[in-house]
Amino acid sequence: MSKPVCVVAGVGEGNGAALARAFTGAGMVVALLARRTGFTSKLAGELPDARAYACDVRDPISVGEAFDRIRAEMGEPSTLVYNAGSGVWGDVESIRLEDFESAWRVNAYGALAASRQVIPAMKRAGSGAIIFIGATASRRGTPRTAAFAPAKAAQRSLAESMARSLWPQGIHVALIVIDAVVDLPRTRRNMPDKPDTFFLKPDDMAASAVWLAQQPRSAWTFEIEVRPFGESW
């Protein structure tokens, strides 16, 4: 394929799908990564030149196999958007050790595994973009984020380390910190009393990701925050 390749890791009905649409609209072909391909296969059929790949970011073998297929079928990625992120909500006494490890694997370990798949070609090209979708939990641990906050903090520190290492080589590493409830059918159902302005629109967040990926090198940004105007901060 002659168009540049973007990989979106962690594609679901909210932010992941919005990111896929946004980068397609920016003229790229998009590889859609998720553990299961039911949703992503349907989404790929709605987007020009998009393809769905099964990938469990917690497993480096699965990550390697997915990126091998992407390189063979689509070409070397010039952009990676790491949107995979999950965590169990609970305090330090209620979470299981397995919950803590799983959150770290999805948010930090998988981020490193995916990044290492694209860095060599980006270094050869002297250009590329790696964008992490983070959260304000990376900056503070509340009582019920005993598993999620440490995982997001590890992701943010990894992104910062990568930026300091890779920016001089032409690779723009950046982080989007989301401070909001994402507008999804389930969040609407769970919060029926909240106004429309309370929620973060996935398409608006995705537009910020495209803007980051297209920044000129003389004015790169490492971290931005996105939140609705009504969010307390």
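The values are calculated or read from the model by the stated rules, or taken from the named source; none is laboratory data. Every value quoted in this text rests on a predicted model; they were computed, and no experiment measured them. Cβ atoms come from the backbone with ideal geometry, glycine included; neighbour counts cover every protein chain shown.
Scanning the range 6-44 for residues that are outside any loop (DSSP other than H, G, I, E, B), among the hydrophobic types (A, V, I, L, M, F, W, C) and closer than 23 Å to Y109 by Cα returns C6, V7, V8, A9, A17, L19, A20, V30, A31, L32, L33, A34. Residues of the range 191-202 that are surrounded by 15 or more Cβ atoms within 10 Å (Cβ to Cβ) and within 21 Å of A22 (Cβ to Cβ): F199, L200, K201, P202. Considering (1) closer than 24 Å to V177 by Cα; (2) among the aromatic types (F, W, Y); (3) in contact with a helix residue (DSSP H, G or I) (Cβ under 6 Å, 6 or more places away or on another chain), the lone condition that F67 does not fulfil carries the number (1). The sole residue among R139, R188 that is of a type outside the set (A, V, I, L, M), under 20 Å from A18 (Cβ atoms) and at pLDDT below 95 is R188.
Of the residues that make up the range 101-112, is at least one in contact (Cβ under 8 Å) with a residue 12 or more places away in the chain, under 24 Å from P150 (Cα atoms) and in contact with a Phe, Trp or Tyr (Cβ under 7 Å, 6 or more places away or on another chain)? Taking every residue of the range 101-112 in turn, at least one turns out to be in contact (Cβ under 8 Å) with a residue 12 or more places away in the chain, under 24 Å from P150 (Cα atoms) and in contact with a Phe, Trp or Tyr (Cβ under 7 Å, 6 or more places away or on another chain).
Residue pairs whose Cβ atoms lie under 9 Å apart, separated by 6 or more positions or on different chains, with the first residue in the range 10-26 and without any contact (Cβ under 8 Å) to a residue 40 or more places away in the chain and the second acidic (D, E), are T24/D49. Taking first residues from the range 59-72 that are in contact (Cβ under 8 Å) with a residue 60 or more places away in the chain and under 11 Å from A114 (Cα atoms) and partners that are of a type outside the set (A, V, I, L, M) and surrounded by 15 or more Cβ atoms within 10 Å (Cβ to Cβ), the Cβ contacts under 8 Å between residues at least 6 apart in sequence or on separate chains come to F67/P77; F67/Q117.
When the residues of the range 26-51 are filtered to those that are within 16 Å of the chain's Cα centre (by Cα) and buried (at least 23 other Cβ atoms within 10 Å of the Cβ), the one that is farthest from L112 (Cα to Cα) is T40. Looking only at the range 164-188, residues that are closer than 25 Å to D204 by Cα and part of a helix (DSSP H, G or I) come to 4 in all.
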